[in-house]
Amino acid sequence: MSVETKIEALRETLRHHEYLYYVEDAPEVEDADYDALMNELKALEAAHPELVTTDSPTQRVGGRPKEGFAKVAHSRPMLSLDNAYNETELRAWSDRVHAALREGETVEFVCELKLDGLSLALHYGPGTDGSSLLQRGLTRGDGTTGEDVTTNVRTIRSVPLSISAAKLKKAGIPQAFEVRGEVVMPQKAFQKMNEEALAAGLPVKANPRNAAAGTIRTLEPNIVAQRRLDFYAYFLLQNGEMLLTGQQETLDALKAAGFRVNLHGASVKSIEEVLAFIAGAETQRDTLGYEIDGVVIKVNSTAQQARLGFTGKAPRWAIAYKFPARAGLTQLKDVGFQVGRTGKLTPVARLAPVFIGGTTVSNATLHNADEILRLGVKIGDWVQVERGGDVIPKIVKVDENHPRGTQEIVFPTHCPVCGEPVVREEGEVDWRCVNASCPARLREELRHFASRGVMNIEGLGDALVAQLLGQAEIEPEEGAEEETVAAPVKREALVHSVADLYTLTMDQLLTLERIGQKSAQTLLEEIEKSRRNPLWRVLLGLGIRHVGERTAQLLAEEFASRGQDYEAMQALMDASEEELQRVNEIGPIVAAAIHEFFRGEKNRQLVERLHELGFSFTAEKRQKTSQLEGMTFVLTGTLPTLKREDAKTMIESAGGKVSGSVSKKTTYVVAGEEAGSKLDKANELGVKVIDEAGLLQMLG
Ligand code: AMP
Ligand code: ZN
């Protein structure tokens, strides 16, 4: 088998498994098997970069958009929908539809769940061999013009990067078309994202929709790739017109083409059936795994849609039936303050218990001091509390009739856990306890460090962590963004930093409650074993802001080529911001956070101590191949970030050649802004043209 055939076969297999996993939710292989195939493909592509195509499953994460997102006009406006809040309004809509059509004309409706995300328009164009390629992904923007978020859209696994000619044929779709649909963040992914945000000391998002919206507009595609977003397709257009004759047909065609289509839709013939569908959807609402806020009802026939037309801002042929908000009115009784791993103080509202959407809510987050000001809330006020699927209940509004005797919410001047003064740094909204040995902070640090995804020290659970710190354990509170610790009981702490775990003795452990000889022994072995964890886990364990699993892995991989194990760690500690930014996929925010972290003397000392304690910091070296061996490049135009000289040096040090003129022998023309005749020549000769991002991608 030739390398090309092998690569194409691997891609097909991977696409198939991605489809099963991300579109059908029915994987056929273990994650590890999928990873193995992916690694095989990556290795082959690294050895044959000339065979890399933009629709390869390895190419989901690409270069970062440098100057924010370009604005692009929509082929036809992305409108919002009119709303109906009850049966009467729904029937009134249906009456208007019938009145606008001929008397006695039958109307079919398609009911779909109203996914609570944000809409996207995906443009596909002709690829090779009759296939289609994803060319562009746009947000709704102001409805007329959207933002080009293609690099981020490419990371969504349920968005096909290419569609084969066979699939297009089966679906009855031409090579050039536009798909519109909704991008959502599943509740699980949302929780994970917020947990990671907390672990990295970052603000949490209020709901999955905000999280999805924030994610799709993130300027660092690797961050987008780490978060799971799903795309559900529901419209199919060509040149701004509906392509097929009906909505149901559209959904079927989209599905046949390999898009994810929401399976909870139904074609119905009467408003009675619509109402039954709505009732069913409401009962399913909590078990879907993603948020919905209603049902969208569309007139099925494209011809009828065209006759019904649009009002100023919405189509007359569709309506959104909105579920009642899951909110309730209750009284704010008190406000507590919790201290997280980064020392952040979070105000938590203590509420008179209220029943909202199936559960009793007695706590809600108030986020921070600014939020309290914004709401203008005082203790004793009546407040509107909202709750979504798995989301932390939130106070959204304060009743204007303030009862008599309300009290100002006062932020504590001292940490409720350690008693040290709290500070609020300039430009920051949060008050923090900056006492590095605050038991609240230390406890969260240890829990993070020991957790499965980090240093994976089995047996070092919350109860034990509390005991090691000389504290009594308490249950985390419902409604808290960060978990709390009770005031410490007077008992001597055995551990004052994560490093102290590594000097614990059997005798010490046996002084603790509820731990026997045997489990103490196992724990010591687990701790011992964790010294040999790979570098990336240690990095993750340090709890650097913005450094999640993937970033830690990228860093470890990159710095492994600068030295062996601890040397790699040292090189990382000494790296400048510029150096860090040059690491694949790492942007300025992340680079600054890492740099800042290692400027801290305490942090450096901790790493040194871990080294003395026998940490191996094992880093696996990335294979350095001459990626561009045998290729000739021609540079033309102004590249967005690289000076021409730099681009030349980079190409040459990767084994490639740079030539001044385009010929048949040219492998790639790298074109920037205002590229001139060389670009024309390339097109004439059929030489492949790439942009700076394409070049950087090849250089890895
Ligand atoms: P609204 O923003 O409340 O006016 O509702 C209109 C929005 O609902 C659209 O812009 C879409 O983003 C979204 N939406 C969610 N699910 C669907 C669906 N199945 N069909 C059409 N639009 C939907
Ligand atoms: Zn404190």
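The values are calculated or read from the model by the stated rules, or taken from the named source; none is laboratory data. This is a predicted model, so every value here is computed, not measured. Note: ideal-geometry Cβ built from the backbone for every residue, glycine included; neighbour counts use all protein chains shown. The protein model used for the area step is the full one, side chains on, heavy atoms only, and it has no ligands, DNA or RNA in it. Shrake-Rupley method; radii C 1.70, N 1.55, O 1.52, S 1.80 Å.
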(request) Provide the percentage of antiparallel DSSP beta bridges, counting only those with both residues in the stretch 632-699; round to the nearest 5. (result) 10 percent
(request) State, in angstrom, two size descriptors of the stretch 3-59 derived from its alpha carbons: Rg to one decimal place and Dmax to the nearest whole number. (result) 11.3, 34
(request) With viscosity set to 1.567 mPa s and temperature to 4 °C, compute the Stokes-Einstein D of the stretch 67-158, Rh being the Kirkwood radius across alpha carbon pairs; µm²/s, no decimals. (result) 78 µm²/s
(message) At a threshold of 8 angstrom on Cα-Cα distance, excluding pairs fewer than six apart, so keeping six or more, what relative contact order does the chain reach in percent?
(response) 10 percent
(message) Counting pairwise Cα distances across the stretch 83-322, what percent come out greater than 29 angstrom?
(response) 32 percent
(message) Ignoring everything except DSSP H segments at least 4 long, calculate the 222 nm mean residue ellipticity for the chain; use -39,500 (n - 2.57) per segment, divide by total residues, nearest 500.
(response) -10500 deg cm²/dmol
(request) Mind checking the stretch 372-440 for GluC sites (Glu not before Pro) that DSSP puts in a loop (not H, G, I, E or B) and that have at most 14 other Cβ atoms within 10 Å? (result) E400, E408, E425, E426, E428
(request) For the stretch 632-699, calculate the relative contact order in percent as a whole number, restricting contacts to Cα pairs under 8 Å that are 6 or more residues apart. (result) 40 percent
(request) Please tell me the relative contact order of the stretch 323-452 in percent, rounded to the nearest whole number, where contacts are Cα pairs under 8 Å and at least six residues apart. (result) 26 percent
(message) For the chain, which cysteines have no second Cys with its Cβ under 4.7 Å from theirs?
(response) C111
(request) Using the Karplus curve 6.51 cos²θ - 1.76 cosθ + 1.60 with θ = phi - 60°, work out ³J(HN,Hα) for each residue of the stretch 138-155 in order, rounded to whole Hz, and write x for Gly and Pro. (result) 10, 7, 5, x, 8, x, 9, 10, x, 9, 7, 10, 3, 4, 6, 4, 4, 7
(request) Express in whole angstrom the spacing between the alpha-carbon centres of the stretch 319-383 and the stretch 112-150. (result) 36 Å
(request) Cross-chain or 8 or more residues apart, Cα under 18 Å: how many lysine pairs in the stretch 632-699 fit that? Count them up, please. (result) 16
(request) Using per-residue counts of other Cβ atoms within 10 Å, averaged over each peptide, order 270-278, 506-514 from highest down. (result) 270-278, 506-514
(message) Counting only Cα atoms, I'd like the Rg/Rh figure for the stretch 9-140, Kirkwood definition for Rh.
(response) 1.12
(request) Treat every Asp and Glu Cβ in the stretch 535-612 as -1 and every Lys and Arg Cβ as +1, leave all other atoms uncharged, and give the resulting dipole magnitude about the Cα centre to the nearest 20 debye. (result) 260 debye
(request) Kindly report the accessible area of the chain per residue (heavy atoms of protein chains, probe 1.4 Å, no ligands, DNA or RNA), in Å². (result) 47 Å²
(request) Quick one: Debye curve from the alpha-carbon atoms of the stretch 535-612 only, equal weights, vacuum; give me log10 I(q)/I(0) at q = 0.14 Å⁻¹ to two decimals. (result) -0.37
(request) Could you size up the charge dipole of the stretch 248-327 around its Cα centre, putting +1 on the beta carbon of Lys and Arg and -1 on that of Asp and Glu, and report it in debye to the nearest 20? (result) 320 debye
(request) Sort the stretch 327-423 into rounded, prolate or oblate with this rule: let a ≥ b ≥ c be the square roots of the eigenvalues of the Cα gyration tensor; rounded if a/c is under 1.5, and if a/c is not under 1.5, prolate when a/b is larger than b/c, oblate otherwise. (result) oblate
(message) Quick check: from the Cα gyration tensor, does the stretch 632-699 come out rounded (a/c under 1.5), prolate or oblate?
(response) oblate
(message) Cut-off under 30 Å on the C-alpha distance; same-chain residues fewer than 8 positions from K322 excluded. Which lysines are left, in chain and number order?
(response) K114, K188, K192, K205, K255, K269, K298, K313, K394, K397
(request) In nm, give the distance between the simple-model label positions of R307 and R452, each being 7 Å from the Cα along the Cα-to-Cβ direction. (result) 5.8 nm
(request) Using just the alpha carbons, could you tell me how many Å³ per residue the convex hull of the stretch 160-236 encloses? (result) 112 Å³
(message) Whole angstrom only: what separates the Cα centroid of the stretch 506-581 from the Cα centroid of the stretch 213-244?
(response) 36 Å
(request) Could you list the trypsin sites (Lys or Arg not before Pro) in the stretch 585-655 that lie in coil according to DSSP, counting only those with at most 11 other Cβ atoms within 10 Å of their Cβ? (result) K624, K643
(request) Calculate what fraction, in whole %, of the accessible area of the stretch 545-668 sits on carbon and sulfur atoms when a 1.4 Å probe is rolled over the protein chains. (result) 45 percent
(message) Loop only by DSSP, 14 or fewer other Cβ within 10 Å of the Cβ. Give me the trypsin sites (Lys or Arg not before Pro) in the stretch 366-439 that pass, ordered by residue number.
(response) R404, R424
(message) Test of understanding: express the Cα radius of gyration of the stretch 546-671 as a ratio to 2.2 N^0.38 Å, with N the residue count.
(response) 1.33
(message) Could you give me D for the chain, from Stokes-Einstein at 37 °C and 0.692 mPa s, where the hydrodynamic radius is the Kirkwood radius over C-alpha pairs? Units µm² s⁻¹, please.
(response) 114 µm²/s
